[in-house]
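The values are calculated or read from the model by the stated rules, or taken from the named source; none is laboratory data. All of these numbers come straight from a predicted model, not from anything done at the bench. Methodologically, a virtual Cβ is constructed for each residue, glycine included, from the backbone with ideal geometry; neighbour enumeration extends over all protein chains shown.
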């Protein structure tokens, strides 16, 4: 299977999983969570977070150079801040809409092959990182070990970013990354329509 087909297949599986779940944001099911392990699992429980995290890595790979680590680090830092706000019960606006819009924005960045300066790209993803973090933090149960749970979802996020970077570097095919961007943006648009 060639690399273009691998990305297309991965997006197809993600869309199928989303459709099978019947909910626009599967990671936000209100499930009880306690500790590091469930924090790690949380970003994998919904296609919205999963696609966003991988898309950030793909975007960083598309930019190359220092963006390979600065762009994902910007997202993770903003996600930590959003998580703290969510756990404290401080609102940041329409969280689910922000998450869905992140997919549209990241998908468009990939599809258009935007060549942003590294700091601008890090700030771009960080804006949306706050919404993703807020969603995770707001779902931390009262009896959970908040720091362990937060560390878990931040570690999982970083791992998904690294996977996206690796996939982007291995692919090195702009048409494949652009196609992936169209897929991510499409899922985001469907989520926005469903809100």
How about region 47-75: which of its residues are more than 22 Å from residue 174 (Cβ to Cβ) and more than 10 Å from the chain's Cα centre (by Cα)?
73, 74
Does residue 173 qualify as being surrounded by fewer than 16 Cβ atoms within 10 Å (Cβ to Cβ), touching a helix residue (DSSP H, G or I) at 6+ places or on another chain (Cβ under 9 Å) and farther than 17 Å from residue 90 by Cα?
yes
Out of the residues in region 37-46 that are under 13 Å from residue 136 (Cβ atoms) and in a helix (DSSP H, G or I), state the one that is nearest to the chain's Cα centre (by Cα).
43
Residue list for region 93-108, filter: assigned to a helix (DSSP H, G or I) and surrounded by fewer than 24 Cβ atoms within 10 Å (Cβ to Cβ)
95, 96, 97, 98, 101, 104, 105, 108
Boolean, residue 122 is part of a helix (DSSP H, G or I), closer than 22 Å to residue 188 by Cβ and either within 12 Å of the chain's Cα centre (by Cα) or in contact (Cβ under 8 Å) with a residue 60 or more places away in the chain (or both)
no
Looking only at region 47-70, how many residues end up being free of Cβ contacts under 8 Å to residues at least 60 places away in the same chain and touching a helix residue (DSSP H, G or I) at 6+ places or on another chain (Cβ under 8 Å)?
6
Filter region 109-119 for residues that are in contact (Cβ under 8 Å) with a residue 60 or more places away in the chain and not in a helix (DSSP H, G or I); which is surrounded by the fewest Cβ atoms within 10 Å (Cβ to Cβ)?
112
Only one residue in 163, 133, 146, 168 is surrounded by fewer than 22 Cβ atoms within 10 Å (Cβ to Cβ) and modelled with pLDDT of 90 or more, so which one is that?
163
Those residues of region 120-130 which are within 23 Å of residue 146 (Cα to Cα) and surrounded by fewer than 18 Cβ atoms within 10 Å (Cβ to Cβ) amount to 127
